[in-house]
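Please read the structure below before turning to the comments.
The values are calculated or read from the model by the stated rules, or taken from the named source; none is laboratory data. This is a predicted model, so every value here is computed, not measured. Don't worry about glycine lacking a Cβ; one is built from the backbone with ideal geometry, like all the others, and counts go over all protein chains shown. The area values use the complete protein model at the heavy-atom level, side chains included, leaving out ligands, DNA and RNA. Shrake-Rupley method; radii C 1.70, N 1.55, O 1.52, S 1.80 Å.
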Amino acid sequence: MAARIGQAPSPRPRLHGLVLALAMLFAALVGAGQTFAQQPAAEVAPARARLDAIRLELTQIETTLAAPTATETELQRQRARLQPSLDQLRQLIEEQTPRVEQAKLRLDQLGAKPDAAAPPETAEVARERDGRLKAFAEADETMKIARAAFLQAEQLQTAIGDRRRELFAKALFAAGPTVFSPDMWSSAIATVPEDLRASGYIFGGWLSGVAEAMSGVRGGLVALAFIGAVLLYLARRRYLPRFKARFGNTQDTGSLHCLYVALAHVVAGAAPPALASWLIYAALNTAGLLPLRIQPVIAAAVAGLAFVAFVQALLDALFAPSQPQRRLVSVMDSTARIVVWMGTSLALVLSVSKVLEAWLTAIAAGLAVSIILRSILVIIFALTLVAGLFRLRDDEEVEEEACLGPYVAVDGASLGPIRIFGWIVGLVISLSVLSGYVIFASFLTEQVLWVGIVACVFVLAYQLVDLGIPQALTGKGRLALTLKAGLGIRTGTLDKIAVIAAGALKLILIVVTLMLVLAPWGLESADFLTSLRAAFFGFQVGGVTISLSSIFIAGLLFAAGLGATRSMQGWLETKFLPTTQLDTGLRNSITTAAGYVGYVGAVALAVSALGLSLERLTLVASALSVGIGFGLQSVVSNFVSGLILLWERPIRVGDQVVVGDAEGIVKKINVRSTEIATFDRSSVIVPNSNLVSGVVRNRVRNDRTGRILIALSVPRSLDASEVRSMLSEVASGHGDVMQKPPPAVMFKKIGTATMDFELICVVADVDIVGRVTSDLNFALHKRLTEMEPAAGTPELLVKGLEGVEQSLGSIAAAVTREARTGAPSAARNTKPAAPARAGRRAQPVLAEDDETEAGQAPPPAPAPAPPEPAKDDSKE
């Protein structure tokens, strides 16, 4: 127990530790307080120190650039040295801008300094003014120095680019001796034996070293690498035709399937040679069998083999000779074969040229020999190009058929401009070699193949974007189904996203392609990225900073403001306002006013994000006032009229108005116009200025009660009192007719045979006027039918036909006599029997008609028949 007590720690050390910890904490708080107290005064010092260091760096770079002997390597080093200074200056300006603005606002809060005639300021205000003025002066001075240094850095960057392009052009267009120079040929002949001896010494020694190493472990490694390379080439030679035949016989000839086959063909055709070349080079390098002089030659050889295989695979995948069903470019079979042959041959010539250049560099060959060999290879390249382009034409039958009639585009006709351009390039290469510009000619040979490869890759990538993105986002693939099911994106939205994404990727692909094409001519990606960064983060134009990033952020803020405004309007229209007792017109006014406030707020957010000051906006507004006064006068007038309609509310949503010849219901009051729906289900768009300055009839201005007026004409035989009672009873019996005021019947007019009444009644809502009017008309028609006596059948009396009746009787009597006298002859002659029978049949009919007419008509005195009716009767 005593031992334990003796071993227990004493409380005194704990107390000392606690006191020490409290002292350290107090010291830290005091130091932090002093730091925070001194921070406003020390903010400018680090910025000024950094600025001085950057200015010193810029001065050193400027001194280096002033030397006329600066090389390309030195210029690249100075450019890499300049870029961090540019970034630091840009960051420093961004940091100092809000500090200057804050110092200016603090100074403006004190107001202008009083003049000599005004009462003097107090000592405290004067001291505060001096401190704030000093802080503003220091911040503003730092900002000005930083902007001047940033301008100096941009000028240095431009100067470095100009110097590099100047050196590139000077080296590219440097003139040398031509191949026709006798001195150059004599010099070459004199140095050939020495170059051959150097070649034998260097390469012979290397080969002997390799032969000696083959007996050891290094030789086994190299042998395995060579065996692997041979196997890769054999596998490519054996299985690539099978691959082509397999996909060539497939039934799926869709564009996207053909594109996938082409990409797979590029990989299958270019990967084995590239892997074999890498194996050989890696094995020789690992075994230590690549001296410094031999290493560039071997690297050029293995890279040339891989390059030729890649070009062949790329052209074969794109043009697909003998397999038009998977061809991605619309050309004929002969054209496809020639293009593949020409591209492979040009790649082979260029690879041989690179290998020979590396060999001449390794043996330190003479200048004359180098120029002659390079000129010969360049001429071979140009001849191969021209020969291939000469063969690259349509068949003779197709050309002859095209010449017989109007021109019809055929396959391969689009290659016409490419052929012409290729001939021009071949001619320029040949003339450059013959004129002594061998370096420029060699550069053009490299650019021909480079542009061709970039164009082929661009076609593949463009079709992949054009076909793959819509298929992935709008088809039935896993990505599209995941977006629809997981995120709830609709098919129409996915279609829009696919179109926008494909367009953006196409634009990026075009820009990258142009950069790759122009890169060998001195345009580097750093220059483009610097320009893009300057455009994105801001550049000065007339004192105004234009920044794509600010524009983008302003657009996002404006879109967010519009979205919030639309959400607020929807909430007011569907959630809050229906719970109130406000009428429809007032609800629309509140919703529209809230939309205007939201739009103004969104515009204010966007303008603040752009960094535009109120003074600049005032200048812009004053400049636009002239255009508004002339060209936008009607628009502004309609806008102001719309505000008046929303404020005074002479016309509200839901009112039944008459504007000119149009009558209908007000559906919506917009910024510029008002929409009125007529009763024939058409919409009339009326400018707001016409509603404010014109004559408008509002049927429901004070209330929504509707007035029904029915005009009625009844015979005089009816009792007027009964008609009045009937009208009042029908109107009062309808449930929608208001009883206060009660229906009124007006006796308007007494005519010769009729009496005119008007029924006037009122309904609670103007919207039901048509329906109630129809119901009342049906009811009135039924009651009038019951009140009116049944009308007798009208008797038709025809006068003035006495002469016609007398003529018909005479004709009937004459026919009867003729029938009686002609009976014996009719028995002997059978031919007139039919007319006799017809006459006998017609006789009773005529007699009946005669008797009927005689019975109906009164017996007037016989009058002589006029000649015209007699003629008509004889015709009958």
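Things to note:
- Sorting the segments 328-334, 652-658 by their residues' average number of neighbouring beta-carbon atoms within 10 angstrom, most packed first, yields 652-658, 328-334.
- Of the residues PRO193, ALA211, ALA159, the one whose Cα sits farthest towards the positive end of the charge dipole of the range 123-238 is ALA211 (charges of +1 on Lys and Arg Cβ, -1 on Asp and Glu Cβ, taken about the Cα centre).
- Local electrostatic count, GLY288, Cβ distance below 15 Å [Lys/Arg +1, Asp/Glu -1]: +1
- In the full protein context, the range 549-612 carries 58 Å² of accessible surface per residue, based on a 1.4 Å probe and ignoring ligands, DNA and RNA.
- Ranked by the mean number of other Cβ atoms within 10 Å per residue, highest first, peptides 96-109, 312-325, 143-156 order as 312-325, 143-156, 96-109.
- Computed over Cα pairs, the Kirkwood radius of the range 706-785 leads via Stokes-Einstein (1.002 mPa s, 20 °C) to a diffusion coefficient of 168 µm² per second.
- Extension gain (nm, one decimal) between ALA126 and GLN569, 0.36 nm per residue minus Cα-Cα: 154.3 nm
- Length available on full extension from SER208 to TRP450: 0.36 nm per residue minus the Cα-Cα distance, which gives 83.4 nm.
- Dipole magnitude of the range 706-785 about its Cα centre (Cβ charges: Lys, Arg +1; Asp, Glu -1), debye to nearest 20: 200
- Among the chymotrypsin sites (Phe, Trp or Tyr not before Pro) in the range 630-711, those located in a DSSP loop and surrounded by at most 13 other Cβ atoms within 10 Å of their own Cβ are PHE679.
- Both radii are taken from the alpha-carbon atoms of the range 662-810; with Rh as the Kirkwood radius, Rg/Rh is 1.26.
- When Rg and the Kirkwood Rh are both derived from Cα coordinates, the Rg/Rh ratio for the range 179-334 amounts to 1.16.
- Net charge, ARG127 excluded, C-beta distance under 15 Å - Lys, Arg +1, Asp, Glu -1: +1
- Multiplying the residue separation of SER199 and ILE500 by 0.36 nm and subtracting their alpha-carbon distance yields 102.4 nm.
- Dipole magnitude for the range 165-242: computed about the Cα centre from +1 point charges on Lys and Arg Cβ and -1 point charges on Asp and Glu Cβ, it is near 700 debye.
- Protection proxy ranking of 802-809, 177-184, by the mean of other Cβ atoms within 10 Å over each peptide's residues and highest first, is 802-809, 177-184.
- When the C-alpha to C-alpha distance is required to be over 28 Å, the pairs from LYS496/LYS667; LYS667/LYS748; LYS740/LYS782 that qualify are LYS496/LYS667; LYS667/LYS748.
- Efficiency of FRET between MET515 and LYS170 - r from beta-carbon atoms, R0 22 angstrom, step 0.05: 0.40
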